[in-house]
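Read through the structure below, which is laid out as structure tokens, and then see the notes.
The values are calculated or read from the model by the stated rules, or taken from the named source; none is laboratory data. Everything quoted here is computed from the prediction, not taken from an experiment. As a convention, Cβ positions derive from the backbone with ideal geometry for all residues, glycine included, and neighbour counts pool all protein chains shown. The protein model used for the area step is the full one, side chains on, heavy atoms only, and it has no ligands, DNA or RNA in it. Shrake-Rupley method; radii C 1.70, N 1.55, O 1.52, S 1.80 Å.
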Amino acid sequence: MSVLHRAEAWDMSESEESDAQMQSNVTIDAKSATENTSLTQSRSREHERLPSSSVTEGRTSTRPGGPVTASPARKRRSKEEIEADRETARQRKEARERQRAARAQEKEQRRQEQRGRREAADNLKSLRPENYLKSLTVCIDPALLQQDGSDILLDTLATLEWRFDITPQLIPRSVTWSRALLQQGDDKSDSVEEDQVVLVLDMSDFIELVLSVKKLLNSREDGSGEGSVTNPLLEGLNREMRKVVMLLLTESHPDYPRTHPSDEQELYEALNTTLGMENPDIEEVLVYLQVHKNMSMVCLDNWQEVTTHVCAVTKALSKRPFRLLTERAELPFCVEGSWASGVRVDSDGSGLIQVWRNQLQQLNRVSPAVASAVTAAYPSPQLLLQAYGGLAAEADRKGLLAGLLVKSGDNERRVGPEISARIYRYLTAQNPQLVLD
């Protein structure tokens with residue numbers, strides 16, 4: 001009985017505690033609801049106390065458990081401010097457009113500069129001798145092929161793989177040169193003639209030319225005019241006044257004496273014997289051809305020498321454009337000097353050795369070092385001529401300067417027999433038509 005009584009008492013105590021706890025929770029909830037109601041009423045009264053402008057122009061914000069804050073009112077811009085903002089935006093846009101246009105212009109300018117450099121490089125490449133030679137054509141008059149030995153010229157041109165064309169020329173028995181001009185965007189090409197002409201004559205043809213010129217000069221003296229003189233060579237020369245004509249006189253006709261290629265006196269003797277012309281008359285004819293027809297003459301032995309001369313002219317024409325493009329503005333055969341009129345020579349003779357040195361430098365392939373070596377050994381041309389006069393053999397005179405030592409920086413070499421012989425011919429030759437090289 002006592003056990004049951006304690007259990008009932010325990011059950012009753014637990015139910016009583018549960019009822020007391022429930023009653024306490026209800027009391028707390030009621031208290032919280034009362035506090036929330038009073039807080040809401042307090043915020044409502046505070047909102048009513050705010051000014052009307054704050055209510056209309058701004059908005060209020062509340063944080064849970066925090067004070068009430070009002071957001072700042074947005075200021076309305078004036079018309080002047082709006083226009084100023086628009087002007088600023090327009091200026092910024094124009095500045096961006098100018099920068100964009102400037103960048104585009106710089107880009108186009110760089111592209112044009114690159115194109116110009118590329119075209120200049122291609123042009124320079126096409127003007128190089130090995131490339132320019134491919135555009136040259138050797139034009140040969142058919143009359144030349146009737147001469148014995150002319151096949152040497154054709155075989156040599158074919159071996160060198162140079163272009164040549166057999167076509168009638170304005171000047172009979174001549175060789176000319178033409179250059180191809182490629183057109184942009186077109187496979188066709190035009191050609192332009194070079195200013196060089198090589199006229200190949202034997203002794204019989206040359207005698208006919210001399211007689212025609214002499215008759216022409218006599219008709220001028222008589223006042224009868226030039227109409228009575230007809231010669232195909234003279235007519236061709238009259239039509240090619242701007243050309244530079246080199247007359248190559250080959251082996252003589254069997255009926256006439258043979259001339260030596262480097263001895264003009266024998267040519268005079270042959271004309272004296274054949275035509276009965278005196279030396280002044282012959283010189284008058286040659287001067288007329290040189291001055292009025294721009295013609296010079298060289299005597300050669302055979303067609304092998306003619307072929308060598310034609311090949312030399314072809315190579316010279318191929319090198320000329322590139323040389324004109326890359327050479328200095330002043331004349332290539334003039335030596336640089338600090339004085340416009342040359343080297344100044346004082347009354348005591350100072351400066352003469354520099355004149356002598358510059359005179360030697362005008363020769364082909366004579367460098368300043370070689371000229372200095374020669375002038376150091378022979379300070380004047382007269383001393384060198386005296387040294388030549390002291391030698392009996394011509395071979396010794398030609399090789400007099402060959403052993404002179406030439407110093408160029410750290411390198412040393414000799415003048416050599418070729419330059420020595422050229423200087424000898426330059427100082428002692430009596431033939432004005434002699435080619436030094």
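Note on the range 86-225: Kirkwood radius taken over Cα pairs, Stokes-Einstein applied at 25 °C and 0.890 mPa s, translational D equal to 116 µm² s⁻¹. Scalar couplings 3J(HN,Hα) for the range 102-107, obtained by applying the Karplus form with A = 6.51, B = -1.76, C = 1.60 to θ = phi - 60°, are 5, 5, 5, 5, 4, 5 Hz; x denotes Gly and Pro.
With Cα atoms defining each centre, the range 92-165 and the range 367-404 are spaced 45 Å apart in the structure.
Volume of the convex hull of the range 345-428 (Cα atoms only), normalised per residue: 93 Å³. State the percentage of accessible surface on the range 345-428 attributable to carbon and sulfur atoms; use a 1.4 Å probe and exclude ligands, DNA and RNA. Taking all protein chains in place, the range 345-428 shows 50 percent carbon and sulfur surface.
Packing-based ranking of 424-432, 148-156, 112-120 yields 148-156, 424-432, 112-120, ordered from highest to lowest mean Cβ neighbour count within 10 Å. For the listed peptides 97-105, 201-209, 377-385, 166-174, a ranking on the average number of other beta carbons within 10 Å per residue, highest first, reads 201-209, 166-174, 377-385, 97-105. For Trp177, the residues 5 or more places off, or on other chains, whose built amide H falls under 5 Å of its own are Cys139, Glu194, Gln196. Think of a 1.4 Å ball rolled over the protein heavy atoms: the range 345-428 then has 56 Å² of accessible area per residue.
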